[in-house]
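The values are calculated or read from the model by the stated rules, or taken from the named source; none is laboratory data. Given the structure is predicted, the values throughout are model-derived calculations rather than measurements. Every residue, glycine among them, receives a Cβ derived from its backbone with ideal geometry; neighbour counts consider all protein chains shown. Remember, those area values only see protein heavy atoms, side chains included, never the ligands or the DNA or RNA. Shrake-Rupley method; radii C 1.70, N 1.55, O 1.52, S 1.80 Å.
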Amino acid sequence: MTERFSTTAAAAVSPPWSPSGDVVLQADCADPRALVDIEGRVNDAAPWRLICTFGASSAPFAQIPRLPSLRAVVRENVAGSSVRVFEALL
């Protein structure tokens, strides 16, 4: 399992990454109210679009089909609380 993003900010955006296949993402949030939006796009000219939202207390896992580019957007976190996003290829 690969850690794709880690932050302690109240809101943050990960650098984009390109999965090599379908993936399962897992959120590890110290603050149970923190949410992680996963956004994707088909190429660098396309706008980012919301794929799903998940968090440690609601639905800590998300299965995402292969897309050229993904990124994680953390929101509603308490500053200082850790949020980590992990990826596993299917």
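The table below lists the values:
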read-out: Leu70 vs. criteria of a type in the set (A, V, I, L, M), open to solvent by less than 30 Å² (accessible area, probe 1.4 Å) and at pLDDT 95 or above; value: yes
read-out: The one condition in (1) surrounded by fewer than 18 Cβ atoms within 10 Å (Cβ to Cβ); (2) part of a loop (DSSP other than H, G, I, E, B) that Val24 fails to fulfil; value: (2)
read-out: Positions within the stretch 58-67 being open to solvent by 30 Å² or more (accessible area, probe 1.4 Å) and touching a residue at least 40 places away in the same chain (Cβ under 8 Å), in sequence order; value: Gln63, Pro65, Arg66, Leu67
read-out: Breaking point among (1) part of a strand (DSSP E or B); (2) open to solvent by less than 60 Å² (accessible area, probe 1.4 Å), for Arg84; value: (2)
read-out: In the stretch 39-54, residue most open to solvent (accessible area, probe 1.4 Å) [restricted to those that are touching a residue at least 12 places away in the same chain (Cβ under 8 Å) and assigned to a loop (DSSP other than H, G, I, E, B)]; value: Asp44
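Residues checked against (1) in contact (Cβ under 8 Å) with a residue 40 or more places away in the chain; (2) aromatic (Phe, Trp, Tyr):
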residue	(1), (2)
Phe5	yes, yes
Pro15	yes, no
Ala30	yes, no
Asp37	no, no
Ala56	no, no
Leu70	yes, no
Arg84	yes, no
